[in-house]
1. Find the strands (runs of 3 or more DSSP E) located wholly in segment 1-73 whose residues include 1 or more that are of a type in the set (D, E, K, R) and open to solvent by 70 Å² or more (accessible area, probe 1.4 Å), and list them.
2. For segment 5-32, how many residues meet the condition of being touching a residue at least 24 places away in the same chain (Cβ under 8 Å) and under 22 Å from G68 (Cβ atoms)?
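The values are calculated or read from the model by the stated rules, or taken from the named source; none is laboratory data. Since the structure is predicted, the reported quantities are computational estimates derived from the model, not experimental observations. Methodologically, a virtual Cβ is constructed for each residue, glycine included, from the backbone with ideal geometry; neighbour enumeration extends over all protein chains shown. The protein model used for the area step is the full one, side chains on, heavy atoms only, and it has no ligands, DNA or RNA in it. Shrake-Rupley method; radii C 1.70, N 1.55, O 1.52, S 1.80 Å.
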Amino acid sequence: PGLSFTWIFNNSTLHLQGDSRRFVSQATGNLYLAKMEPWDVGNYTCAVSSAGAQRHVRGPPTALTLRGDGVMGEYEPKIEVRFPDRTHVAQGSSVRLECFALGK
């Protein structure tokens, strides 16, 4: 409760109002991108803030690249997930780490 999720693209905050291709779930923090374009390539960083705790943290950047050969579906997907070495959680609370991917 009280968490707010923002995504940063190449060190600039993603402003998604009126954007029909990109969406951030304020329930999970997931960033959804549809119909990838060459200008979507870059580094994405998730930022989480809590007004109640007066805290703001950023995760490590994740690079997004497009396949150069334009071929999808002929190869097994390769998914690499890197979590931080340590995750801080208040005693008695719950934590959920989730990895989500969609592709074509």
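1. So the answer is 55-58.
2. So the count comes out to 2.
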